[in-house]
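The values are calculated or read from the model by the stated rules, or taken from the named source; none is laboratory data. Keep in mind the model is a prediction, meaning the values are calculated, not measured. Note that we place each Cβ from the backbone using ideal geometry, even for glycine, and neighbour counts take in every protein chain shown. Ligands, DNA and RNA are excluded from the accessible area calculation, which covers all protein heavy atoms including side chains. Shrake-Rupley method; radii C 1.70, N 1.55, O 1.52, S 1.80 Å.
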Amino acid sequence: MGWNRRNILMAHITILPQQATAEVADGLLLLDAGEAAGVDMEAGCFNCSCGTCVAEVVSGMENLSDATPEELDVLDQWNKDPEKFRLTCCVRLNRGTVTLRQSH
Ligand code: FES
């Protein structure tokens, strides 16, 4: 009976500059995926409103959930391009591979 790990763990995250990596269940918040990689992720409100958790998406933006109006507002306040930066507390890693760089 083969219990295939790949059936459950479908996504892969790398956090820079630590180069920490983890395989995670798809659909996980980036914040939780980063913690799963052993990184102490910066966060404040956990509610997509403060911007503390902002991180640069080095690659894999296409694998992330779409930005909500709330997220776009916060990124705008921080003067961060939503094509390059996301809030890890409110974005899900839907599939595939994503590399993030923590901004703090
Ligand atoms: S922790 Fe506040 S916006 Fe993510």
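Quick look at the values:
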{"quantity": "Nearest-0.05 FRET efficiency for Thr99 and Glu70, computed from C-beta distance (R0 25 Å)", "calculated": "0.55"}
{"quantity": "Per-residue SASA entry for Arg92, accessible area with 1.4 Å probe, Å² rounded to 10", "calculated": "110 Å²"}
{"quantity": "Charge dipole (debye, nearest 20) of the range 5-102; +1 at Cβ of Lys and Arg, -1 at Cβ of Asp and Glu", "calculated": "380 debye"}
{"quantity": "Long-range amide H partners of Val54 with built H, under 5 Å", "calculated": "Thr88"}
{"quantity": "Scaled radius of gyration (Cα, divided by 2.2 N^0.38 Å) that the chain gives", "calculated": "1.04"}
{"quantity": "Hypothetical label at Glu23: residues of the range 76-104 whose amide nitrogen lies under 16 Å (7 Å Cα-Cβ projection)", "calculated": "95-98"}
{"quantity": "Dipole-positive endmost among Ala36, Pro69, Thr52 within the range 5-102 (Cβ charges, Cα centre)", "calculated": "Ala36"}
{"quantity": "Projected label distance in nm at Asn79 and Glu62, using a 7 Å step from Cα toward the beta-carbon", "calculated": "3.2 nm"}
{"quantity": "Built amide H within the under 5 Å cut-off of Ala20, gap 5+", "calculated": "Ile15"}
{"quantity": "Accessible-area value, Glu42, 1.4 Å probe, nucleic acids and ligands omitted, Å²", "calculated": "80 Å²"}
{"quantity": "Charged-residue dipole, Cβ positions (Lys, Arg, Asp, Glu), the range 26-83 about Cα centre, Debye nearest 20", "calculated": "120 debye"}
